[in-house]
Amino acid sequence: MEQHQIACLEIGSSALRLVVGYQLGNAPIVTYATTVKSKDLIKDDKVNLTNLSAELAKLHDIRDEHKHINIKLTNVSLVLPSAGLKVYANEKSTNIVRPDIGVSKVDVANAVSLVMQQQLPEGLTTIDVIPEQFILADGSVYSNPPIGKKTAFLQIQAKVYCLPLTVKDLYTKALTMAGFRISKTCVSSYTAAKLLSTYGELPSTYVLLDIGSRGSTVSFIGEGSPYGALYFYRGGDDLSERIASDFGISFEQAESLKIKYGYEATERAYSPSLVDYAKITQKDLNRSIEGFFSEYISSLNNAVETLLSQYSNPLYSTLPIICIGGGSKLNGLTHFLTEGFPNRPISRVTPRSIGARDPSYANLLGMLLCGEYSGSFSDTQKGVVPVNRVSGKGKRGHVAPSPEDDAL
């Protein structure tokens, strides 16, 4: 049977990323993946909508004769950045429409609708509602919609994922101007966690570090789902600019040095010039990268401490840091993170999906696992986080906090 494919899009600061594929079992299957680079699409929250929408419009027709690909896109599932992400816990109950036949899709939709009506602080908008538990009148608890189970009422416990309205409007307006329809939206922290939950060797509770070109997102992931995220303006392009400035070379030359050599912690007696157009040795490059990371680690530490300060669990001081994003490929990154966070295990993840084995695609691969239509019954099922209990009301292991100022 032919699989129904969806197109997932992420708008980065300096690139557009697109993955076309489908979900098979618990794995994302990639038909096509591409990265369209365009420097400073978004910088310091400033964007030229006309230029951005023009770049997006080029993705309507995708042709690759070598791969025998000819794709025409009109609908996309959009991965939104987690900058300003707020996560709220909500609990609602609804009477069953037909108690004699049990819980139906309509009852589940009614419960989700009640959660979505939660009043939010001014300036925020709901991006997604992820049910975690469904509770029946007899106290039994289900991780998936208990269709057909007889009960007088259905209670739902869910997380509500919210972003600043300005963030959502910016991205959706650009896509609308480019002639696309948006099938679904999800925040990047959730889609990344969705992908990483399929890798059995990784922990379920951790700090997620997504290093982009102009910024980094730090998220607290508890039992496989986000509880909050912070963002600060430092990324891979900033490192390239630092290298270019230190050696008086072009951005493109600095980018090449960064990608090809990165940071080499092992000292060598002989350190020849790395390029023929300037006298730049590995020691010189190391010093430049060290200068960047002395500031980067300070910003990252501030973000991690601020994010986790809302929780009193002493074990969180040793939570591992898991790295994704294009910037996580830097040779030597683990050295700086281990030095800056000696009590936290450091992991860098490379996705396993053929055709998209690059950490910059992690968020999009997770989107393939999140379904297509926001608010539909099938999407609600796919979004449910498994629980260990099958009966009894139990308690959540983490509580989504009240909104706090996330400025760094």
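The values are calculated or read from the model by the stated rules, or taken from the named source; none is laboratory data. Because the structure is predicted, anything quoted here is derived from the model rather than measured. As a convention, Cβ positions derive from the backbone with ideal geometry for all residues, glycine included, and neighbour counts pool all protein chains shown.
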Filter result for TYR231 (of a type in the set (Phe, Trp, Tyr), surrounded by 18 or more Cβ atoms within 10 Å (Cβ to Cβ) and closer than 23 Å to PRO131 by Cβ): no
Residue under evaluation THR176, criteria (1) closer than 25 Å to HIS4 by Cα; (2) hydroxyl-bearing (Ser, Thr, Tyr); (3) crowded, with 16+ Cβ neighbours inside 10 Å, criterion not met: (3)
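Looking at the range 91-117 only, could you name the residues that are part of a strand (DSSP E or B) and buried (at least 17 other Cβ atoms within 10 Å of the Cβ)? Even if it seems obvious, please write down each step before you answer.
From the range 91-117, those part of a strand (DSSP E or B) are 91-95; that's our starting set.
Passing the criteria: LYS92, THR94.
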Of all residues in the range 255-311 being of a type in the set (Phe, Trp, Tyr) and within 21 Å of SER219 (Cβ to Cβ), the one that is nearest to the chain's Cα centre (by Cα): TYR296
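If you go through the range 56-71, how many residues are within 22 Å of the chain's Cα centre (by Cα) and either part of a strand (DSSP E or B) or of a type in the set (D, E, K, R) (or both)? Full working, then the answer.
At the first step, the residues of the range 56-71 found to be within 22 Å of the chain's Cα centre (by Cα) are 56, 59.
Applying the additional criterion that residues be either part of a strand (DSSP E or B) or of a type in the set (D, E, K, R) (or both) yields none.
Residues that pass the stated criteria total 0.
Let's see how each residue does on (1) surrounded by fewer than 20 Cβ atoms within 10 Å (Cβ to Cβ); (2) farther than 22 Å from GLU305 by Cα:
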{"residue": "ASN144", "(1), (2)": "yes, yes"}
{"residue": "GLY148", "(1), (2)": "yes, yes"}
{"residue": "ILE156", "(1), (2)": "no, yes"}
{"residue": "ARG181", "(1), (2)": "yes, yes"}
{"residue": "LYS194", "(1), (2)": "no, yes"}
{"residue": "THR205", "(1), (2)": "yes, no"}
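Does ILE42 meet the test of being modelled with pLDDT under 90, among the hydrophobic types (A, V, I, L, M, F, W, C) and either surrounded by 13 or more Cβ atoms within 10 Å (Cβ to Cβ) or not assigned by TED's automatic domain parsing to the domain that holds GLU255 (or both)?
Details: modelled with pLDDT under 90: yes; among the hydrophobic types (A, V, I, L, M, F, W, C): yes; either surrounded by 13 or more Cβ atoms within 10 Å (Cβ to Cβ) or not assigned by TED's automatic domain parsing to the domain that holds GLU255 (or both): yes.
For ILE42, the condition - modelled with pLDDT under 90, among the hydrophobic types (A, V, I, L, M, F, W, C) and either surrounded by 13 or more Cβ atoms within 10 Å (Cβ to Cβ) or not assigned by TED's automatic domain parsing to the domain that holds GLU255 (or both) - is met.
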In the range 1-42, the residues that are of a type in the set (Asp, Glu) and at positive phi: ASP40
Residue under evaluation VAL79, criteria (1) under 24 Å from GLU223 (Cα atoms); (2) in the same structural domain as ILE11 (by TED's automatic domain parsing); (3) free of Cβ contacts under 8 Å to residues at least 40 places away in the same chain, criterion not met: (3)
Subset of the range 187-210 [touching a Gly at 6+ places or on another chain (Cβ under 8 Å), more than 17 Å from GLY326 (Cα to Cα) and not hydroxyl-bearing (Ser, Thr, Tyr)]: LYS194
Unmet requirement for LYS283, which otherwise passes all of (1) surrounded by 13 or more Cβ atoms within 10 Å (Cβ to Cβ); (2) more than 28 Å from THR350 (Cβ to Cβ): (1)
Candidate set from the range 16-39 (those that are at pLDDT below 95 and touching a Ser or Thr at 6+ places or on another chain (Cβ under 6 Å)); member that is farthest from GLU241 (Cα to Cα): ASN26
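Select from the range 256-289 the residues that are part of a loop (DSSP other than H, G, I, E, B) and among the polar types (S, T, N, Q) and write down the one among them that is modelled with the highest pLDDT.
So in the range 256-289, the residues part of a loop (DSSP other than H, G, I, E, B) come out as 261-272, 274-280.
Keeping just the survivors that are among the polar types (S, T, N, Q) gives 266, 271.
Working: THR266: 88, SER271: 84.
Applying the filter and picking the extreme gives THR266.
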Given (1) within 26 Å of LEU308 (Cα to Cα); (2) surrounded by fewer than 20 Cβ atoms within 10 Å (Cβ to Cβ); (3) outside the structural domain of LEU16 (by TED's automatic domain parsing), number of the condition THR266 does not satisfy: (1)
Meets criteria (modelled with pLDDT of 95 or more and assigned by TED's automatic domain parsing to the domain that holds VAL79) for ARG357: yes
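Among the residues of the range 342-358 satisfying the criterion of being touching a strand residue (DSSP E or B) at 6+ places or on another chain (Cβ under 6 Å) and in a loop (DSSP other than H, G, I, E, B), which is farthest from GLY21 (Cα to Cα)?
In the first step, residues of the range 342-358 are kept if they are touching a strand residue (DSSP E or B) at 6+ places or on another chain (Cβ under 6 Å); the result is 344, 346-349, 353, 355-356.
From what's left, in a loop (DSSP other than H, G, I, E, B): 344, 349, 353, 355-356.
Details: ARG344: 35, VAL349: 20, SER353: 10, GLY355: 10, ALA356: 11 Å.
Out of the qualifying residues, it is ARG344.
Within the bounds of the range 307-318, is there any residue that is among the aromatic types (Phe, Trp, Tyr), farther than 18 Å from GLY236 by Cα and surrounded by 15 or more Cβ atoms within 10 Å (Cβ to Cβ)? I'd like the intermediate steps shown before the answer.
Here is the first cut: in the range 307-318, the ones among the aromatic types (Phe, Trp, Tyr) are 311, 316.
The next check asks that each one be farther than 18 Å from GLY236 by Cα; those that pass are 311, 316.
Add one more test, that the residue is surrounded by 15 or more Cβ atoms within 10 Å (Cβ to Cβ), and what stays is 311, 316.
The answer is yes, given that some residue of the range 307-318 is among the aromatic types (Phe, Trp, Tyr), farther than 18 Å from GLY236 by Cα and surrounded by 15 or more Cβ atoms within 10 Å (Cβ to Cβ).
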